[in-house]
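Colleague: Here it is, the structure, as structure tokens.
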Amino acid sequence: MLVDGKWVENWQPVQATDTKGGFVRQVSSFRSWVTPDGAPGPSGEGGFKAESGRYHLYVALICPWASRTLIARKLKGLEAAVSISIVEPALTDQGWRFGHYPGANEDTLNGATYMHEIYTSADPHFTGRATVPVLWDKERGTIVNNESADIVRMFNSGFGRLAHHAIDLYPEALRGEIDALNAFIYPRLNNGVYRAGFATTQLAYEEAFAEVFGMLDELEARLAAGGPFLTGDAVTEADIRLFVTLVRFDAAYNGLFKCNLRRLVDYRALSAYLEHMLALPGVRETVSLDHIKRGYYSIRALNPTGIVPAGPELGWA
């Protein structure tokens with residue numbers, strides 16, 4: 001990680017734990033917003049006006065948080081307005097790296113080799129982990145935001161006329177329900193699989209494990225009773241947030257993260273939901289099973305040999 005702008009130790013998946021030995025996720029550091037007129041958003045400073053070609057998105061196809069932003073960018077038709085760089089899937093001792101692995105690319109914008117160089121370009125004294133996604137402002141040469149939830153909402157409404165409006169990922173009439181779903185699903189499932197996989201005690205693991213499958217069971221019942229999406233007929237940001245975990249479940253979380261009570265394919269309604277999401281224009285293009293498997297199985301703390309499993313066979317892959 002970085003301490004006062006200097007790389008001080010090899011990358012580790014767990015930087016902090018709670019009193020039970022549970023995984024604690026780092027809080028995002030850059031929280032400014034792109035807005036149609038450049039006014040400040042819900043947090044951070046102003047001056048980040050929506051302009052085509054001004055912003056750049058750094059992502060990893062392995063990372064569910066980064067994939068949220070890629071899907072929102074696709075659904076809102078912002079591919080021409082916001083350029084992207086994709087890091088290699090395997091995590092190195094210095095974290096995310098740019099390169100020539102198929103589906104990844106070099107950082108032609110800033111000339112960085114590692115993602116942490118992007119952070120120190122924005123803040124020479126940055127302390128913390130260099131995570132993705134990152135929304136970069138080419139004009140000011142700095143990071144606008146590195147919180148995926150913020151970036152999804154920016155892509156939905158912050159780019160004004162530059163974005164498509166046929167899909168509203170956060171419609172006003174559903175905001176209460178969407179916020180409740182996000183608050184319910186995130187700790188138990190989105191972050192729950194990480195709490196299980198990176199637990200350092202049996203107690204922390206078993207608590208996270210129970211919450212993961214309790215949440216999956218509840219979502220199965222919800223989707224079996226209605227749908228095809230979480231709030232009815234239209235896709236929202238809650239669906240994006242759920243999808244990125246589900247699409248990785250059998251390939252990574254079921255085995256490597258020890259979330260092995262059931263597979264996603266054992267859930268009929270959730271499997272159908274996954275297919276509905278993959279059928280949305282552009283969504284399948286954001287999913288790389290190769291990057292997902294090679295990325296997760298490169299985590300030495302969980303897989304010291306680095307061997308990537310040949311399976312599972314997935315109907316959607």
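All of the numbers you see were taken from the coordinates with simple rules; none came from a lab. As the structure is a computational prediction, the values presented were derived from the model and not from experiment. FYI the Cβ positions are ideal-geometry reconstructions off the backbone, even for glycines, and counts take in every protein chain you see.
Colleague: Largest first and in whole Å, give the semi-axes of segment 55-104's equivalent ellipsoid, each being the square root of 5 times a Cα gyration tensor eigenvalue.
Modeller: Numbers: eigenvalues 90, 25, 15 Å².
The three semi-axes for segment 55-104 are 21, 11, 9 Å.
Colleague: Could I ask something else about it? Amide H neighbours of VAL144 under 5 Å, at least 5 residues apart or on other chains, H built in the peptide plane: list them.
Modeller: The answer is LEU135, TRP136, ASP137.
Colleague: May I ask what percent, to the nearest 5, of DSSP beta bridges between residues of the chain are antiparallel?
Modeller: Working: 15 of 21 bridges.
Looking only at bridges with both residues in the chain, the antiparallel portion is about 70 percent.
Colleague: Using only Cα atoms, figure out Rg for segment 174-234 and give it as a multiple of 2.2 N^0.38 Å.
Modeller: Details: Rg = 13.3 Å, N = 61, 2.2 N^0.38 = 10.5 Å.
Ratio of Cα Rg to 2.2 N^0.38 Å: 1.27.
Colleague: In addition: Cα to Cα, under 19 Å, and not fewer than 8 places away if on the same chain: which aspartates and glutamates meet these conditions relative to LYS49?
Modeller: Straight-line reach from LYS49, under 19 Å: ASP37, GLU79, ASP137, GLU139, GLU147, ASP150.
Colleague: Based on Cα positions only, what radius of gyration and what Dmax would you give for segment 216-317, in angstroms?
Modeller: 14.3, 45
Colleague: Please give every one of the lysines within straight-line cross-link reach of LYS293, meaning a C-alpha to C-alpha distance under 26 Å, and leave out same-chain neighbours fewer than 8 residues apart.
Modeller: LYS74, LYS258
Colleague: In whole Å, how far is the Cα centre of segment 206-258 from that of segment 265-300?
Modeller: 12
Colleague: When the Karplus curve 6.51 cos²θ - 1.76 cosθ + 1.60 is applied with θ = phi - 60°, which whole-Hz ³J(HN,Hα) does each residue of segment 34-49 get, with x for Gly and Pro?
Modeller: Computed from phi, the couplings for segment 34-49 are 7, 10, x, 10, x, 6, x, x, x, 8, x, 8, x, x, 9, 8 Hz.
Colleague: Mean 1/r over all different Cα pairs, inverted: what Kirkwood radius does segment 160-290 give, in Å? Kindly include the intermediate steps, with their values, before the conclusion.
Modeller: Details: mean 1/r = 0.0646 Å⁻¹.
This gives a value of 15.5 Å.
Colleague: With Cβ to Cβ distances under 14 Å as the rule, what net charge do the other residues near ALA272 carry (K, R +1; D, E -1)?
Modeller: Numbers: positive: ARG222, ARG268; negative: GLU220, ASP239, ASP266, GLU275.
Neighbourhood net charge equals -2.
Colleague: Calculate for the chain the 222 nm mean residue ellipticity that helices alone would give, adding -39,500 (n - 2.57) per DSSP H run of length 4 or more and normalising by residue count, nearest 500 deg cm²/dmol. Working shown, then result.
Modeller: On the way: 9 runs with 98 residues, N = 317.
So the calculated ellipticity at 222 nm is -9500 deg cm²/dmol.
Colleague: For the chain, list the DSSP H helices whose alpha carbon atoms reach 27 Å or more along the long axis and whose average Kyte-Doolittle value is -1.0 or above?
Modeller: Details: long enough: 202-225 (35 Å, 0.29).
Span-like helices in the chain: 202-225.
Colleague: Turning to a different aspect of this structure: State the percent of C-alpha pairs, over all pairs in segment 70-148, separated by a distance greater than 17 angstrom.
Modeller: On the way: 1459 of 3081 pairs.
The answer is 47 percent, as a whole percent.
Colleague: Can you return the aspartates and glutamates within cross-link range of LYS76? Criterion is Cα-Cα under 13 Å, with same-chain partners fewer than 8 residues away left out.
Modeller: Result set, ordered by chain and number: ASP168, GLU237.
Colleague: Hey, any idea what the orientation-averaged projected area of the convex hull of the chain's Cα atoms comes to, in nm²?
Modeller: Details: hull surface 62.2 nm².
Seen from a random direction, the Cα hull of the chain projects 15.6 nm² on average.
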